[in-house]
Amino acid sequence: MVRTELLRFDGAVERDPAIDEWMKDHEGELGDIARHWFDVMRSCGDEARELLHDGCPVACLGDAAFGYVNVFTSHVNVGFFQGAALPDPSRLLQGAGKFMRHVKLRPGTITNSGALNELIAAAYADVKSHVEQG
């Protein structure tokens, strides 16, 4: 597994109004998909925080980023900053970067929701264990 230093952001808060505005700007099917999966990230734990970074919602554990969503013309990416280190038995993750991976979701296409929920939980747990180990 590949591991890098965690990506950390100043300014992550419990609920960022800028993300609510971003969601309002991304209505329709793609926005609904992004909203659903970001809500899953928001509900990972009491230490979940968020901020808008590079134009998309980012979920953090404290100040350590673990996931994001972004809307494109015909799909939504649900991404993971340490995605290369995550177990992915359902082979949902895409990307060839050294660390980051994403799951591409399209309206009208069946999503393996259970596997994606597991990836989000694993990303949160992975960052949490890294933060707790110092």
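Values quoted throughout were computed directly from the atomic coordinates according to the rules given, and no laboratory measurement underlies them. Remember, it's a predicted structure, so these values are computed and weren't measured experimentally. Counting neighbours? That spans all protein chains shown, and the Cβs are built from the backbone with ideal geometry, glycine included.
General remarks:
- Long-range amide H partners of H53 with built H, under 5 Å: V58
- For Kirkwood radius over Cα pairs in Å, the value calculated from this model appears in (i) 14.7; (ii) 18.6; (iii) 15.8 under label (i).
- Nitroxide proxy distance, nm - points 7 Å out along Cα→Cβ at D39 and V131: 2.3
- Simple rule: put +1 on each Lys or Arg Cβ and -1 on each Asp or Glu Cβ in the chain, find the dipole, and look at I110, S129, L6; the Cα lying farthest toward the positive end is I110.
- Karplus (6.51, -1.76, 1.60) ³J(HN,Hα), θ = phi - 60°, over region 97-107, in Hz, Gly and Pro reported as x: x, 5, 10, 7, 9, 8, 10, 9, 10, 10, x
- Close amide H pairs (under 5 Å, H built 1.01 Å from N) link V103 with V78, G79, Q94, residues at least 5 positions away or on another chain.
- Calculated FRET value between D20 and N112, using beta carbons and R₀ = 30 Å, to 0.05: 0.60
- Leading residue at positive end of dipole, the chain (Cβ point charges), from Q82, L92, L51: L92
- Simple Cβ-charge dipole of the chain, Lys/Arg +1 and Asp/Glu -1, about Cα centre, in debye nearest 20: 580
- Average Cα contact separation per residue, region 17-133, under 8 Å, 6 or more apart, as relative contact order %: 22
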